[in-house]
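Participant: Would you mind keeping the following structure in view while I ask a few things?
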Amino acid sequence: MYKVLVSDPISDLGIRQLSEADDVIVDKKTGLSEDELTAIIGEYDALLVRSQTKVTAKIMQAAARLKVIGRAGVGVDNIDLEAATQRGIVVVNAPDGNTIATCELTFAMLMAVARQIPQAYKKTVSGEWDRKSFVGVELRNKVLGVIGMGRIGSEVAKRAKVFGMEIVGYDPFLTQERADKLGVKLATVDEIASQADFITVHTPLTNETRNLIDRPQFQLMKKGVRIVNCARGGIINEQALVEAIEEGIVAGAGFDVFVEEPPAPDHPLLNHPKIVVTPHLGASTVEAQENVAIDVSEEVLHILRNEPFKNAVNMPPVPPIVLNKLQPYFALSEKLGRFLGQMTEGPAQEITVGFTGELADLDTTHLNRYIVKGLLSNHLGGDVNIVNAMHMAKLRDIKIVVQKSSASESFTNLITVTLKTDKETRTLAGTVLEGYGERIVKIDKYTVDASPEGAMLLISHNDKPGMVGRVGTLLGMNDVNIASMQVGRKEAGGSAIMVLAIDKHASAEVVNELSKLPEIMKVKQIIL
Ligand SMILES: NC(=O)c1ccc[n+]([C@@H]2O[C@H](COP(=O)([O-])OP(=O)(O)OC[C@H]3O[C@@H](n4cnc5c(N)ncnc54)[C@H](O)[C@@H]3O)[C@@H](O)[C@H]2O)c1
Ligand SMILES: O=C(O)CC[C@@H](O)C(=O)O
């Protein structure tokens, strides 16, 4: 018998497949603390959660029988994926089931904010008949900015069309072809900020999307803009939003998600007359909860019964022989992907991975997955892993080409990755040197020797005297310490690149100032 623990409120109807299975016993115990869950998890083969249960490494350490964690929903930010992977626990989610529910809540928010329905309701039920204070705006003929055009963002765009809205959208994976199909005008985040009457965000929370809408973006916005966040707390800077309302830039906002959940009772977003809030209800419809529970139950049953499954978000164990030879290159591969994805502009179209040396004789599937994972994780955060990386790439029409040659170059093993987007084609090569660790040895046509670690700056410039000094001085003045610096050039006086490892992230302002220095063409900050 398999024992399944359901530790969050999950639709009974949705998990019927599990509760009615002859080989499964289902226990429902919600609201457990970490210690309480740790004390009982050892009895169970599967754990089913929504977003309330935080499945920590401590809980997993006590989970001797646990084979699978099922997340009834999309985001797996409440599950320690690394710990699950290390213990060989498969994590499955249900990414499609709550798309429409969240899209519809987004529309409810847009309408509630446009017409101040909650505020008007409050006054009316308190006995006041105030019609003057609640003159709203229409959605028709307004510009809606959609940031994040995945499952939910695309559904929002479709519905906005029917409301007669014009849509400007941004998503690093949104190609012109798909944008045309959706009737969306492509724009950058800053262009959306300056053009939109309504803005809604539908991205995961990643390093890149944290504070995606912050003070500089609010300063670009039209007076009277309205903003909605039904994705993840922290994508829109909460404090900056309150200030933008006070400054008369933002006329209203609708928030379903918060940096801290639940937010403290005195949280500024909870006590503002122009902000409509809900307690993370995006996925809370009968239909969505049934859908996600059905999807995840099916997957959990497959895993328990050793049958094929499709929505794993972490990695199954790698056979030991393959692991030994490939493992030293896992981290390098992921970093190459992350680095290349951040240095290249435009939506990815084709990734060419080249292996030379001994690696060329091995099955490098896992390395390909790490490279693609690294590349996509810049935009998809924790939603992409080595189990689903190729699938995610395929969904985005990204072609992957693998080339192998055992002819040895200067290195025992070399991994070369080329990324083609609709704007440019860039190349990065790396290796692992015994005693020195991971190295980036080539960036485009330049030979370098850099350790891919932490925060880095990649500067394209003309090879003129004084460049190193200028960059060093500007960073020093801004309290950014340089840990190491590499210059690559083909010939004296031509184009060149600088690769700097810095001790802490440089702010957007510093990066901007650097890019304005004479003889500098482009500056990219890379976070690994
Ligand atoms: N409020 C809720 O209850 C609720 C319910 C479901 C989903 N969500 C959240 O909504 C978000 C979107 O869900 P989805 O199902 O549409 O996911 P999805 O993966 O289909 O779409 C996310 C999109 O964001 C894009 N993206 C990543 N980084 C970006 C960036 N810097 N700028 C612009 N776009 C970027 C990705 O390319 C992707 O297309 C997720 O974070 C999810 O957890 C919230
Ligand atoms: O379980 C919930 O209600 C939240 C779901 C949502 O945030 C998700 O990421 O799927």
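Derivation of every value follows stated rules applied to the coordinates shown; laboratory data play no part. Everything quoted here is computed from the prediction, not taken from an experiment. We place every Cβ from the backbone using ideal geometry, glycine too, and count neighbours over all the protein chains shown.
Participant: Classify the range 318-450 from the C-alpha gyration tensor, please: rounded if a/c falls under 1.5, else prolate or oblate depending on whether a/b exceeds b/c.
Facilitator: oblate
Participant: In whole Hz, what ³J(HN,Hα) sequence does the range 215-226 give by Karplus (6.51, -1.76, 1.60; θ = phi - 60°), x for Gly and Pro?
Facilitator: Ordered by residue, 3J(HN,Hα) equals 3, x, 6, 4, 5, 7, 6, 5, 5, x, 5, 10 Hz.
Participant: Multiplying the sequence separation of residue 133 and residue 162 by 0.36 nm and subtracting their Cα-Cα distance, what value in nm do you get?
Facilitator: 7.6 nm
Participant: If you don't mind, there's one more thing I want to ask. What is the distance, in nm, between label points placed 7 Å from the Cα along the Cα-to-Cβ direction at residue 39 and at residue 117?
Facilitator: 4.4 nm
Participant: Kindly rank 330-342, 457-469, 87-99 from highest to lowest mean number of other beta carbons found within 10 Å of each residue.
Facilitator: The densest-packed peptide leads the list: 330-342, 87-99, 457-469.
Participant: Could you list the trypsin sites (Lys or Arg not before Pro) in the range 1-72 that lie in coil according to DSSP, counting only those with at most 16 other Cβ atoms within 10 Å of their Cβ?
Facilitator: Sites meeting the loop and neighbour criteria: 29, 54, 65.
Participant: Under 5 Å between amide H atoms, partner at least 5 residues away or on a different chain: which partners does residue 442 have, H built in plane at 1.01 Å?
Facilitator: Result for residue 442 returns 429, 448.
Participant: Another one. Multiply the residue gap between residue 473 and residue 352 by 0.36 nm, knock off their C-alpha separation, and tell me the result in nm, one decimal place.
Facilitator: Gain on stretching residue 473 to residue 352: 39.8 nm.
Participant: Another question about this same structure. Net charge near residue 404, counting Lys/Arg +1 and Asp/Glu -1 over other residues with Cβ under 12 Å of its Cβ?
Facilitator: Summing Lys/Arg as +1 and Asp/Glu as -1 gives -3.
Participant: Within the range 19-49, find all residues whose amide N lies under 19 Å from a label point positioned 7 Å from the Cα of residue 62 along Cα-to-beta-carbon.
Facilitator: Hits in the range 19-49 for residue 62 at 19 Å: 27-49.
Participant: Sum up the charges of everything whose Cβ sits under 15 Å from the Cβ of residue 44, counting Lys and Arg as +1 and Asp and Glu as -1, but leave residue 44 out.
Facilitator: Net of charged neighbours comes to 0.
Participant: Which whole-Hz ³J(HN,Hα) couplings does the range 136-144 yield from phi under the Karplus relation 6.51 cos²θ - 1.76 cosθ + 1.60, θ = phi - 60°, glycine and proline marked x?
Facilitator: These are the phi-based 3J(HN,Hα) values: x, 10, 8, 7, 4, 6, 9, 8, 9 Hz.
Participant: Going by a ≥ b ≥ c, the root eigenvalues of the Cα gyration tensor, does the chain fall in the rounded group (a/c under 1.5), the prolate group (a/b larger than b/c) or the oblate group?
Facilitator: Note, shape of the chain comes out oblate.
Participant: Further question: Rounded to the nearest 5, what % of the DSSP beta bridges within the chain are antiparallel ones?
Facilitator: Around 50 percent antiparallel, to the nearest 5.
Participant: When only DSSP loop residues count, what trypsin sites (Lys or Arg not before Pro) in the range 201-272 have their Cβ near at most 11 other Cβ atoms within 10 Å?
Facilitator: 223
Participant: Antiparallel DSSP bridges in the range 99-277: what percent, to the nearest 5?
Facilitator: Antiparallel bridges: around 0 percent, rounded to the nearest 5.
Participant: Count neighbours as other Cβ atoms within 10 Å of each site's Cβ, and list the GluC sites (Glu not before Pro) in the range 433-528 that are DSSP loop with at most 16 such neighbours.
Facilitator: Sparse-neighbourhood loop GluC sites (Glu not before Pro): 434, 453, 491, 519.
Participant: Excluding residues fewer than 8 places away in the same chain, name every one of the aspartates and glutamates whose C-alpha is closer than 16 Å to that of residue 490.
Facilitator: Cross-link targets: 444, 449, 463.
Participant: What is the magnitude of the charge dipole of the chain about its Cα centre, with +1 placed on the Cβ of each Lys and Arg, -1 on the Cβ of each Asp and Glu, and no other charges, expressed in debye to the nearest 20?
Facilitator: Charge dipole, the chain, about its Cα centre: 1140 debye, nearest 20.
Participant: Still on this structure, please answer the following. Through the Karplus equation 6.51 cos²θ - 1.76 cosθ + 1.60, θ set to phi - 60°, convert the phi angles of the range 29-38 into ³J(HN,Hα) values in whole Hz; use x for Gly and Pro.
Facilitator: 9, 9, x, 6, 7, 4, 5, 5, 5, 4
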